[in-house]
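Notes for the one structure printed next.
The values are calculated or read from the model by the stated rules, or taken from the named source; none is laboratory data. This one's a predicted model, so the numbers in the text were calculated from it and none came from an experiment. Note that we place each Cβ from the backbone using ideal geometry, even for glycine, and neighbour counts take in every protein chain shown.
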Amino acid sequence: MAEAGKQEQEHAVAIGSVNEKGTPMIPVTGDACWSKRSYGTNYCASSGAGAIVGMYSKKVLHYGVKNKVCTICSRANKKALDPPDHICFKNFDGPSTAMEAAIITEGFKSSLDDHGLIYNQYVADGDSSTYASIRNSRPYESVTVGKVECKNHLLRNYCKALLSIATNTKYPIRARKLLKDNYLRIRWGIDCSVKFWYGQNNISFSEKMENIKNYIINGPYHIFGDHSKCASYFCTDAIKKQSENMVPELKVHGVFQQVEDLAHRLSLHAYSFAYNVTNNLVEIESYNARVAMFVGGKRVNFTQRRSYAGRCAGAVISYNSGAVQTTVHNYIFGTEANPEIVRLENIRNKLNVKRIEKSIKKKKVFKPVTNKDAHYGDACIKVDMDDEEYKRAKTDFLLRLEITAEEKDKIEQDTILQSASPLWLETRRKLLTASWFSTVCKRRPSTNCTPLVKQILYGTDLSNVPSIKHGKNNEYTALRELEQALNTKISQCGLSIDKEFSFLGASPDGKCDLGIIEVKCPSSAYKMDPEEAIRLKKVDFWKYASNKLVVNRNHKWFYQIQGQLRITGQNTCIFAIWTGPGNIKYELINKDDQFWKEKMEIPLIRFYKNCLLPELIDPRFNRNMPLREHSSHSHEHILMTNN
């Protein structure tokens, strides 16, 4: 593993992938396996192993084994005796499904000590529990680990969604057959486009991303015969002449609109596609398969003491070197292994190469994940900073937030991808953003701030919550319909930072000539007329006063909008709700400086400096300590705004 780390380090330095301190930064991928088969129902393995693999060297950089059982301790406990002196291999008390997150997170936290490397990108296949664990652990001081989605995982889900349309009997059979016969061609086209632009070294990363995004959106048009927007690199004149335009027919039946929506959703992952990576390096067919081979196909229980850990270590040597016997022999004895053993391992390696060339694909079994025990972890409890040390750290932290207007404008431009941008993730973490303004401003000063601080900094991944998923999936459609209603072009927005208070930020959904854009897609009002949704109080941003419909100025969205207007420096926000295709209601909200001064400014500053700032500077979460109820670094619970 040390040799693999050197290879990764040299490559990162050679391509200039280093941070401001000169520390090499590399992308990695990871996965885990367990000591027994679950068959999708019973996740109670006594042991589990995980590995982190470098994307360049394709070798294991970190591995770990978690054991829930020690036979000697168990037997002694059963007899109510003290266990004899022994090396205890029990090192985990949480659920078995939490082993993966624990092992991979440990690997990230030890990367600087082990290899002098920062793992700045984690290539994953949708395992949000592991990634959330990495993010919350904050393994690096000034780098937020970004997540790159596995290309195969994204395309597989895309094909599943296309097939679900093709099997929906509400559409005519001809339209469904056309889609079913061509859905794989749509996938292959995206794959070819990704490979083509990935290989173009004469353009910037953002250009690659934009070109891939354009193809994903145009892909269904190309496959079904409309080549009006096709790029010349992919679509020749011969193809254009041979193909029949079936897009109008599919649009009449309502199928193409569904396919187009899916393409737009997939295009949001253009950032991940531009890396053209998968996490197959540590999947079942490679490292995990080596572990299975060393443990007898999971048919034998090797988890009672050190046997399972030793076999997993052997699997790492086998995976990295391809010659476990000669490598171990050379290390122990310092001499070359028997020529017959060397010959045998060479034969095995050649057979493995032939097997890989055949590309035999095996079905992957996805494992549900469970959050680890809140009290488990290697982090020990440490005392807080003393007052003087905290004051110095606070001054330094706030000074680093004070950047020039030009730098703020550049951040806004560089974070247009929002959650897909590592810069957006890292910068936003240090700020209090507009989506939290209502919660902060409406809370009582005496209310315990711990739950809210924990929710802001260490909140769980909510992307799969149905209401949030609904809003995210339909946001693009809503913006396009609003664009048509306003008859103006809506462009993307990045992260804006307040000119006066550099710890406040906002990311509107878009901007146009009229001002900023904020769109909501409430799932509770889906397929309802907006006016009906308001009348039934499914949407309460508007209310009736004297038989007139007026904006509810106490609504959480109103606070968010006023915060966005203040931070972006705009005077108008076009706020819209989308309740389904063709159902959109919008209103122009003007900036209210008095509302900001009287109801928002002071509560936001107090909360940030009194509650959020101490946890950002001297975090307790990673030390397994309860978060501060109020700032322990000030004698007063409420700080003055100029502190």
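Only one of (1) exposed (fewer than 14 other Cβ atoms within 10 Å of the Cβ); (2) over 21 Å from ARG138 (Cα atoms); (3) in contact with a helix residue (DSSP H, G or I) (Cβ under 9 Å, 6 or more places away or on another chain) is not met by ARG443, so which one is it?
Single failed check for ARG443: (1).
For the stretch 277-288, name all the residues that are assigned to a loop (DSSP other than H, G, I, E, B) and either at pLDDT below 80 or on the phi > 0 side of the Ramachandran plot (or both).
THR278, ASN279, GLU283, ILE284, GLU285, SER286, listed by residue number.
Quick one: ILE173 ticks every box in (1) free of Cβ contacts under 8 Å to residues at least 12 places away in the same chain; (2) within 23 Å of the chain's Cα centre (by Cα) except a single one, so which number is it?
Only one criterion is unmet by ILE173, namely (2).
I'd like to know if the stretch 123-131 contains one or more residues that are more than 23 Å from LYS454 (Cβ to Cβ) and not in a loop (DSSP other than H, G, I, E, B). Walk me through how you get there before you give the answer.
Within the stretch 123-131, the first condition is being more than 23 Å from LYS454 (Cβ to Cβ), and the residues that meet it are 123-126.
Going one step further and asking which of them are not in a loop (DSSP other than H, G, I, E, B), we end up with 123-124.
Within the stretch 123-131, one or more residues are more than 23 Å from LYS454 (Cβ to Cβ) and not in a loop (DSSP other than H, G, I, E, B).
Considering the stretch 460-515 alone, what residues qualify as being among the charged types (D, E, K, R), over 24 Å from the mean Cα position of the chain (by Cα) and outside any helix (DSSP H, G or I)?
Initially, the stretch 460-515 is screened for residues among the charged types (D, E, K, R), giving 461, 469, 472, 475, 480-481, 483, 489, 498-500, 509, 511, 513.
In the following step, the residues that additionally are over 24 Å from the mean Cα position of the chain (by Cα) were identified as 480-481, 483, 489, 498-500, 511, 513.
Of everything in the stretch 460-515, those that are among the charged types (D, E, K, R), over 24 Å from the mean Cα position of the chain (by Cα) and outside any helix (DSSP H, G or I) turn out to be LYS489, ASP498, LYS499, GLU500, LYS511, ASP513.
For the list (1) touching a helix residue (DSSP H, G or I) at 6+ places or on another chain (Cβ under 6 Å); (2) modelled with pLDDT under 90, I need the number of the one condition that ARG566 fails.
(2)
Has the stretch 73-94 got at least one residue that is in contact with a strand residue (DSSP E or B) (Cβ under 9 Å, 6 or more places away or on another chain), in a loop (DSSP other than H, G, I, E, B), buried (at least 16 other Cβ atoms within 10 Å of the Cβ) and charged (D, E, K, R)?
Yes, that holds for at least one residue.
Have a look at THR415, THR370 and point out the one that is at pLDDT 80 or above, surrounded by 13 or more Cβ atoms within 10 Å (Cβ to Cβ) and under 25 Å from SER137 (Cβ atoms). If you could, list the steps in order and put the result at the bottom.
Working: THR370 fails: at pLDDT 80 or above.
One residue alone meets the criteria, THR415.
For the stretch 219-276, which helices (runs of 4 or more DSSP H) that fit wholly inside it have 1 or more residues that are touching a residue at least 60 places away in the same chain (Cβ under 8 Å)? Show your work before the answer.
Details: elements: 237-242, 247-252, 255-267, 270-273.
It comes to 247-252, 255-267, 270-273.
Mind telling me which of the residues GLY16, GLY22, GLY54 ends up being buried (at least 20 other Cβ atoms within 10 Å of the Cβ) and assigned by TED's automatic domain parsing to the domain that holds GLY146?
Working: GLY16 fails: buried (at least 20 other Cβ atoms within 10 Å of the Cβ); GLY22 fails: buried (at least 20 other Cβ atoms within 10 Å of the Cβ).
After applying the criteria, what remains is GLY54.
Taking the residues in the stretch 419-434 that are surrounded by fewer than 17 Cβ atoms within 10 Å (Cβ to Cβ) and not charged (D, E, K, R) as candidates, determine which candidate is modelled with the lowest pLDDT.
SER419
Out of LYS585, LYS609, I need the residue that is buried (at least 18 other Cβ atoms within 10 Å of the Cβ), of a type in the set (D, E, K, R), part of a strand (DSSP E or B) and on the phi < 0 side of the Ramachandran plot. Which one?
Values: LYS609 fails: part of a strand (DSSP E or B).
Being buried (at least 18 other Cβ atoms within 10 Å of the Cβ), of a type in the set (D, E, K, R), part of a strand (DSSP E or B) and on the phi < 0 side of the Ramachandran plot holds for just one of LYS585, LYS609, which is LYS585.
Quick test for you: out of THR167, THR144, THR130, pick the one residue that is over 16 Å from PHE273 (Cα atoms) and crowded, with 22+ Cβ neighbours inside 10 Å. Before you say what the answer is, go through the steps one by one.
Numbers: THR167 fails: crowded, with 22+ Cβ neighbours inside 10 Å; THR144 fails: crowded, with 22+ Cβ neighbours inside 10 Å.
Answer to the selection: THR130.
Per-residue answers, yes or no, for (1) under 30 Å from LEU627 (Cβ atoms); (2) small (Gly, Ala, Ser):
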site: VAL465; (1), (2): yes, no
site: GLY471; (1), (2): yes, yes
site: ILE490; (1), (2): no, no
site: GLU500; (1), (2): yes, no
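Test of understanding: among ASN211, ASN168, ASN182, ASN136, which residue is in the same structural domain as PHE108 (by TED's automatic domain parsing) and touching a helix residue (DSSP H, G or I) at 6+ places or on another chain (Cβ under 8 Å)? Walk me through how you get there before you give the answer.
On the way: ASN211 fails: in the same structural domain as PHE108 (by TED's automatic domain parsing); ASN168 fails: in the same structural domain as PHE108 (by TED's automatic domain parsing); ASN182 fails: in the same structural domain as PHE108 (by TED's automatic domain parsing).
Exactly one of ASN211, ASN168, ASN182, ASN136 is in the same structural domain as PHE108 (by TED's automatic domain parsing) and touching a helix residue (DSSP H, G or I) at 6+ places or on another chain (Cβ under 8 Å), namely ASN136.
Pick from the stretch 448-472 the residues that are among the polar types (S, T, N, Q) and modelled with pLDDT of 85 or more: which of them is farthest from ASP261 (Cα to Cα)? It would help to see each step written out before you state the result.
Going through the stretch 448-472, the residues among the polar types (S, T, N, Q) turn out to be 448, 450, 455, 460, 463-464, 467.
Retained after the next criterion (residues that are modelled with pLDDT of 85 or more): 448, 450, 455.
Numbers: ASN448: 43, THR450: 40, GLN455: 32 Å.
Applying the filter and picking the extreme gives ASN448.
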